Amino acid sequence: MRKEKFKYNPETLSYEKVEIGWGERLVKVSLVVAPAIVLAVIFQLVLLSSGWFQSAREKELERDNAFLNAQLDVMRNDVSTAIAVLDDISKRDNEIYRSVFNAERFPADLREMGTGGSDEYEQLTGFQSSQKVIENTKKIRELEGKLYAQSISFDEVISLAREKEEMLASIPAIQPVSNEDLTRIASGFGFRIDPIYKTKKMHTGLDFTADTGTPVYATGNGTVVECEVKRWGYGQSVIIDHGFGYRSRYAHLSEFKCKPGDKIVRGQVIGLVGSTGKSTAPHLHYEVEKNGQKINPIHFFHSDISPEEYERLIDMASNANQSFD
């Protein structure tokens, strides 16, 4: 029941009932309700800003965000592991697979292929997980580059494997003169005393002592590229291109048994020992080149001697003595 109000009228000396209008009633209600509404709004804002209150959707988004961040960490570790495994494969590729086929190491700069500039990742910025996403993207690009380079390298190794039979027949692998008693090597690869000038100089081959007219054999399959004739230096010499980056030279010959353009097989007689050019006695000066660099021929006699005999030859060839040319 609504409570009625009265006021005293001094003129009539009686109490009269007070009538309250709707406007006054509305003002009184507003004075009570408005502060409550304001306090409720403020309380709600404080709860939202402090994180005390979250909607179901916000909680779901927070769980999703935590899950995605955890997956980004897992992805980073997985990619790092894949890169480490691929680096190990690359090492084996250079040190084992290519070594078997006497191939050059795969260029390191190609294994570290570039993956673009910093602007490539500009579209990934501005998000809560941008840093992790960019780091993972960079690692994935690195992995892609290494995989592509390794696929190129393996293509080359496969090609070498298919050519293995031809390669093994072509690489110099026997002694160029008959040397069953292993006594014919008179001077090895390295610095030796020049027989003419008596000074120490680099001797870029092996000297085999032999009588004039002793047969000289091609040490691997190939093509004769030159039958050189000089009054000094190498004198009369044969140069054979074996392919796969290998060449061999047979110098100071007394006679040629081949001509430029001839296809030669290992063990074929290509000339006779002599003492032409800069030579102090009949002998064969034998050289091997790999990709234009002269290398020690002693490492290419594995097909006609035993391991023990090979050790003896190395010991003989390593002695610092006077060369024959």
Backbone HN-Hα couplings from phi across the range 248-257 [Karplus 6.51/-1.76/1.60, Hz, Gly and Pro as x]: 9, 10, 10, 10, 6, 5, 8, 7, 8, 10
Inter-site label distance for Ala66 and Thr12 at 7 Å from Cα along Cβ, in nm: 7.4 nm
Peptides ranked, highest mean first, by Cβ atoms within 10 Å: ranges 261-267, 61-67: 261-267, 61-67
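If you rank Val225, Val273 by fewest surrounding Cβ atoms within 10 Å, what's the result? Before the final figure, lay out each step's value.
Numbers: Val225 14, Val273 23.
So the residues, fewest neighbours to most, are Val225, Val273.
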Simple label model, 7 Å out from Cα along Cβ direction - Ile152 to Lys59, nm: 5.5 nm
Length added when fully stretched, Met75-Lys164, from 0.36 nm per residue minus Cα-Cα: 28.0 nm
Residues whose placed amide H lies under 5 Å from that of Gly271, excluding near-sequence neighbours: Val216, Lys257
Over 27 Å between alpha carbons, listed pairs Lys259/Lys294; Lys164/Lys230; Lys164/Lys257; Lys146/Lys294: Lys164/Lys230; Lys164/Lys257; Lys146/Lys294
Net +/- balance of residues flanking Glu287 in space, Cβ distance below 9 Å, scoring K and R +1, D and E -1: +2
Virtual spin-label span in nm between Ile89 and Lys230, 7 Å along Cα→Cβ: 4.8 nm
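None of the figures in this text is laboratory data; all of them are computed from the coordinates on show. Just so we're clear, the structure is a prediction, and the values are computed from it rather than from any experiment. Note that we place each Cβ from the backbone using ideal geometry, even for glycine, and neighbour counts take in every protein chain shown.
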